[in-house]
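The structure appears right after this line, and notes come after that.
The values are calculated or read from the model by the stated rules, or taken from the named source; none is laboratory data. Every value quoted in this text rests on a predicted model; they were computed, and no experiment measured them. No Cβ is skipped: glycine too gets one built from the backbone with ideal geometry, and neighbour counts run over all protein chains shown. Surface accessibility is based on the protein's heavy atoms, side chains included, excluding ligands, DNA and RNA. Shrake-Rupley method; radii C 1.70, N 1.55, O 1.52, S 1.80 Å.
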Amino acid sequence: MAWDTSFSSRLIAQLDPQGLMGMIEAFLRSGGALNSTYLNWTGKSGGWYAQSPFALMEIVCDYLRQTGKWQSLDTRIGEYSLLDYLKQAGMEFLSHYTQPNGLIDIGEGTGKMLEIRTFGYEHTIAAINALAVDYFHQLNLWCAERNDQDAKLFQSAAARIESALNNLLWDEEAGWYGNLHPDGTRTMVYSYHAFDMLRTSAVPSMRKRRMAERIRQGEFIAPYGMYSISLSDHDHWDMEDCDWGGGGQYVGQTLRIADNLYACEEAERAWQLLSRCTEWVECFPYFPQTIYGDLLKLQEHQIDFPLQISSGAGAQAVIGGVFGLRPQFDGSLEIGPSYNPTLGQAKLTGYSFRGHVYDVSLAPQTFFVLKDGKLAGKRAYPSTVTLPA
């Protein structure tokens, strides 16, 4: 699954960049960026899924940050270049799914997005539009670098969607983005999918904080992680398909939300989530696809499911959030840990990036950065060490 893999692509880009690029090529060669939700055992793709192009964009960006192999964007994969495939998905959204108000409407049926069995999370979904803003921003940058005339089209689309998202979907009283339907009605669905918006540029910082306030007891926080639908949402919460319908969590999503919280300076909430997720090891020999919020138990129909690749999002939250290692496109490395007093002292060793190896040690007042075994920075919290390419 392209989406599942995207939850762990920063980690995979470090451990096996060649394998990750092979996966990208397999998806694109088989079905393009929007029609390759999954690959079966024979390498054939299937399924139109709104999240797929955003997932593939994230995977590609993680690969480029880690490796610096920018020529990959122009490498031919079958008939087209990698960038061509990403552009095609963007064009399809603009040509077939964008409404006069500027927003993307993916239509009826939650199967195009998430397995939510109740009405409401369909048509114009705020999270999809926020992710689209960054998608089009990135296409604009890459096209502009190549003097591609489509750059202005993507730039305009990003600005138009961002404006409409914040003017038409934000509910100030609720502190949440609603979903818009063709008849003009707006449905408030308190799904944790909306927390994907925390890592986008489309949402103002103050609104991110308002949304994050709902990650608390009585709403999204569960004894063992999160509920996928807030307990306060009586219209949409159910137990039948708990990873998106309410009673539990898709493991990658809870762990990614922790990572997102670190990225938007909500470190205490992120730590509370990670602390709950560490309880999973008391029951499971590996992280499965779904875990109930109130019980250390997975759904019965998933008992034979293998290790869920999205669980790598937890390692990413620790590496990028707790220890603050954040690789940049230009080859520089930002290191800004988010220390929690319950850690005492902690150390991460052997982080490889662009031919160098980094170690980060956390103490109660300061952190230390070693590059190839030599001291490269010592700072008090909160601060960031930026090491150039």
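A simple rule links phi to the HN-Hα coupling: the Karplus curve 6.51 cos²θ - 1.76 cosθ + 1.60 with θ = phi - 60°, which for the range 26-35 gives 5, 5, 5, 5, 7, x, x, 7, 10, 10 Hz, with x for Gly and Pro.
When both the range 331-389 and the range 8-53 are represented by their alpha-carbon centers, they are found 32 Å apart.
Shape class of the range 203-272 from the alpha-carbon gyration tensor: prolate, with a/c at 1.5 or above and a/b greater than b/c. Our summary gives the chain a relative contact order of 12 percent, counting only alpha carbon pairs under 8 angstrom and 6 or more residues apart.
Protein-only accessible surface at a 1.4 angstrom probe places the residues 128, 309 in the order 309, 128, largest first.
The heavy atoms of residue 76 present about 150 square angstrom of accessible area, all protein chains included, probe 1.4 Å. Amide H contacts for residue 176 (H built 1.01 Å from N in the peptide plane; partners 5 or more residues away or on another chain; cut-off under 5 Å): 171. Between residue 307 and any residue 5 or more places off or on another chain, the built amide H atoms are never under 5 Å apart.
Shape of the range 336-389 from the C-alpha gyration tensor: prolate (a/c of 1.5 or more and a/b above b/c, with a ≥ b ≥ c the square roots of its eigenvalues). Modelled this way, with points 7 Å down the Cα-to-C-beta line, the labels at residue 91 and residue 29 are 2.3 nm from one another. Ranking of 42, 124 by solvent-accessible surface, largest first: 42, 124 (1.4 Å probe, protein heavy atoms only, all chains present).
Here the chain is treated with +1 on each Lys and Arg Cβ and -1 on each Asp and Glu Cβ, and its dipole about the Cα centre works out to around 1380 debye. Rounded to the nearest 10 square angstrom, residue 235 shows an accessible area of 120 square angstrom against a 1.4 Å probe. FRET efficiency for the pair residue 70 and residue 117, taken as 1/(1 + (r/R0)^6) with r the Cβ-Cβ distance and R0 = 35 Å, rounds to 0.20. What the Cβ-Cβ distance of residue 234 and residue 156 gives, at R0 = 56 Å and to the nearest 0.05, is a FRET efficiency of 0.90. The 1.4 Å probe gives accessible areas that order 251, 318, largest first, as 318, 251.
Computed on the chain, the Cα convex hull volume stands at 140 Å³ per residue.
Probe 1.4 Å, all protein chains in place: accessible area of residue 44 in Å², nearest 10? That residue has around 130 Å² of solvent-accessible surface.
The shape of the range 152-212 comes out oblate: with a ≥ b ≥ c from the C-alpha gyration tensor, a/c is at least 1.5 while a/b does not beat b/c. The range 54-131 and the range 190-242 have Cα centres separated by 22 Å. Measuring r between the beta carbons of residue 101 and residue 40 and using R0 = 25 Å, the FRET efficiency lands at 0.10.
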